[in-house]
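Since the structure comes first, as structure tokens, the remarks are kept for the end.
The values are calculated or read from the model by the stated rules, or taken from the named source; none is laboratory data. Because the structure is a prediction, the values reported are computed rather than measured. Don't worry about glycine lacking a Cβ; one is built from the backbone with ideal geometry, like all the others, and counts go over all protein chains shown.
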Amino acid sequence: MHSINRWEPFRNVSSLQEQVNRLFEGTFSRKGDDSTLTAWAPAVDVYETENELVIKADLPDINEKDLDVRVENNMLTVRGERKFEQQVKDDSYLRMERAYGSFSRSFSLPNAVNTEAIQADYRNGVLTVTLPKRAESKPKQVKINVTNGKN
């Protein structure tokens, strides 16, 4: 007699994911002087108001001169680098969780954004990029004339 087994197409996906993660962790973990430098991407919030799009990125301990914000072909790109300063010996660290090194984040911009009026502000470790909308793309309320049916 044959038993019927339920087909579960994703049964082995989690173990495959774990194997891939181990492969990348082993391949990209650095040894020696640069053991604290890893690839990273800052956390970003993006929200929209009636008049603008706003992008906020957490960039603590990054010098303003190490940031580059530019718009090309309707693509906003934020690049920078958080440098590891060896004020403490590597063997003195008990835990090191912060990432260091270069990063780049890119965002596709809708045609509604006025790229000539973009502003960037860096304060208290937070980069805020304000992307104003074009006047013609803002919602407009249309007044409705109501007639009572009499001529």
Inset, instruction - Give segment 108-123 a look and list any residue that's surrounded by 11 or more Cβ atoms within 10 Å (Cβ to Cβ) and within 20 Å of E50 (Cβ to Cβ), or say none. - result: L109, P110, A112, V113, N114, T115, A117, I118, Q119
Inset, instruction - Could you tell me which residue of segment 37-50 is farthest from R134 (Cα to Cα), considering only residues that are surrounded by 11 or more Cβ atoms within 10 Å (Cβ to Cβ) and at pLDDT 90 or above? - result: P42
Inset, instruction - Give just the number: which of (1) touching an Asp or Glu at 6+ places or on another chain (Cβ under 8 Å); (2) small (G, A, S); (3) loosely packed, with under 11 Cβ neighbours inside 10 Å does S92 not satisfy? - result: (1)
Inset, instruction - Report yes if K138 is more than 16 Å from the chain's Cα centre (by Cα), modelled with pLDDT under 90 and more than 20 Å from R79 (Cα to Cα), otherwise no. - result: yes
Legend entry - Members of segment 52-62 found to be at pLDDT 90 or above and surrounded by 11 or more Cβ atoms within 10 Å (Cβ to Cβ), listed by number: E52, L53, V54, I55, K56, A57, D58, L59, I62
Inset, instruction - Show the residue pairs that are 6+ apart or on different chains and have beta-carbon atoms under 6 Å apart, the first residue being within segment 39-66 and touching a residue at least 24 places away in the same chain (Cβ under 8 Å), the second being loosely packed, with under 12 Cβ neighbours inside 10 Å and not small (G, A, S). - result: V54/Y47; K56/D45
